[in-house]
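Peer 1: Structure below; questions to follow.
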Amino acid sequence: MPEGHTIHRLARDVADRFAGHPLDASSPQGKFADGAALLDGAALTATEAHGKHLFLGFGPLGWVHIHLGLYGTLRFGEGPPPAPVGQVRLRLATRPGAPPEGPLHYAELRGPTRCELLTAPEKQAVSDRLGPDPLRPASEPEAAWARISRSRTSIAALLMDQKIVAGVGNVYRAEVLFRHGIDPYRAGRDLTRAEWEAIWSDLVALMTDGVRKNRIDTVRDEHTPEAMGRPPRVDDHGGEVYVYRRAAQPCLVCGTPVATAELAARNLFWCPTCQRR
């Protein structure tokens, strides 16, 4: 499932291509046909991301709420859109000759968990259910700390709870805990406030970098392939990481084999030496 940096990047990319343009909207698959018919010809007025939720604003018509889930994709093309291929839930395309002038763009949404047209209050209700997002400037980590500091649940599980922290997924969860030497099974209430503040600050920096690069890199300068003389990581998820999907490989810091286990139906990765309880 895409993590929060991907959704914030998509919000920016949609705005760059479509903001202020009247758009052709359609649902070739048919599952969003009524919503697309209402949006057809309307201009995109705003984009917003909160955690793993993407919102596309169309003024008084409301907001398209998109959650990609495990299988959803939102992909872009340039020029007149070709005939749709596969199950396209929503297609947006700029109109030839319509102001403002510029190259033609289109976007196709496939396989989302959620694609729905919401009113402003309904959109706010979605956001109200989510925790603070490290990529939203107005987010306050205090709300997350209030819940974490009282919980017997492991910090690894708490970081993945979108009601507590929005946008953190399996990669950022594993990597930020490694970077701060925190055992993933430690209870939230056993964290110190200083540790939580360091985790939050690091998430802000790492995820902001993820938006900029459109990939996740978490290793410090002294552990890059160039600094260590090692081959770059080869993985579908890309990026240089310490423990994520490196089970049984040597820790880049101490050499201990990286451990893995299942926690709340997701794979957990950590170094037993660098992350002692």
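The values are calculated or read from the model by the stated rules, or taken from the named source; none is laboratory data. Treat the numbers as computed from the prediction; the structure is a model and nothing was measured. Cβ atoms come from the backbone with ideal geometry, glycine included; neighbour counts cover every protein chain shown. Side chains included, ligands, DNA and RNA excluded: accessible areas come from the protein's heavy atoms. Shrake-Rupley method; radii C 1.70, N 1.55, O 1.52, S 1.80 Å.
Peer 1: Mind telling me which of the residues Tyr172, Tyr185 ends up being part of a loop (DSSP other than H, G, I, E, B) and hydroxyl-bearing (Ser, Thr, Tyr)?
Peer 2: Tyr185
Peer 1: Name every residue in region 1-32 that is among the small types (Gly, Ala, Ser), in a strand (DSSP E or B) and either open to solvent by less than 20 Å² (accessible area, probe 1.4 Å) or modelled with pLDDT under 95 (or both), in order of residue number.
Peer 2: Ala25 - this is the single residue of region 1-32 that is among the small types (Gly, Ala, Ser), in a strand (DSSP E or B) and either open to solvent by less than 20 Å² (accessible area, probe 1.4 Å) or modelled with pLDDT under 95 (or both).
Residue by residue, here is whether (1) without any contact (Cβ under 8 Å) to a residue 60 or more places away in the chain; (2) crowded, with 17+ Cβ neighbours inside 10 Å; (3) more than 17 Å from the chain's Cα centre (by Cα) holds:
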site: Asp161; (1), (2), (3): yes, yes, no
site: Ile164; (1), (2), (3): yes, yes, no
site: Gly181; (1), (2), (3): no, no, yes
site: Pro184; (1), (2), (3): no, yes, yes
site: Leu203; (1), (2), (3): no, yes, no
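Peer 1: Checking the structure you have, find out if any residue of region 137-149 is among the charged types (D, E, K, R) and not in a loop (DSSP other than H, G, I, E, B).
Peer 2: yes
Peer 1: Please go through region 210-223 and pick out each residue that is among the polar types (S, T, N, Q) and either open to solvent by less than 30 Å² (accessible area, probe 1.4 Å) or not in a loop (DSSP other than H, G, I, E, B) (or both).
Peer 2: Thr218
Peer 1: Taking Gly35 as the residue in question, decide whether it is small (Gly, Ala, Ser), open to solvent by less than 40 Å² (accessible area, probe 1.4 Å), outside any strand (DSSP E or B) and out of contact with any Pro (no Cβ under 9 Å at 6 or more places or on another chain).
Peer 2: When the stated conditions are applied, Gly35 passes them.
Peer 1: Filter region 151-200 down to residues that are over 20 Å from Pro250 (Cα atoms) and charged (D, E, K, R), then give me how many there are.
Peer 2: The total comes to 9.
Peer 1: (1) aliphatic (A, V, I, L, M); (2) modelled with pLDDT under 95; (3) touching a Pro at 6+ places or on another chain (Cβ under 8 Å): which one isn't true of Met207, the others all being true?
Peer 2: That leaves (2) as the condition not met.
Peer 1: If you go through region 242-259, how many residues are of a type in the set (Val, Ile, Thr) and out of contact with any strand residue (DSSP E or B) (no Cβ under 9 Å at 6 or more places or on another chain)?
Peer 2: Total meeting the criteria: 1.
Peer 1: Right, another one. Which is among the acidic types (Asp, Glu) and open to solvent by 30 Å² or more (accessible area, probe 1.4 Å), of Glu226, Glu175, Glu240?
Peer 2: Only one candidate passes the filter, namely Glu226.
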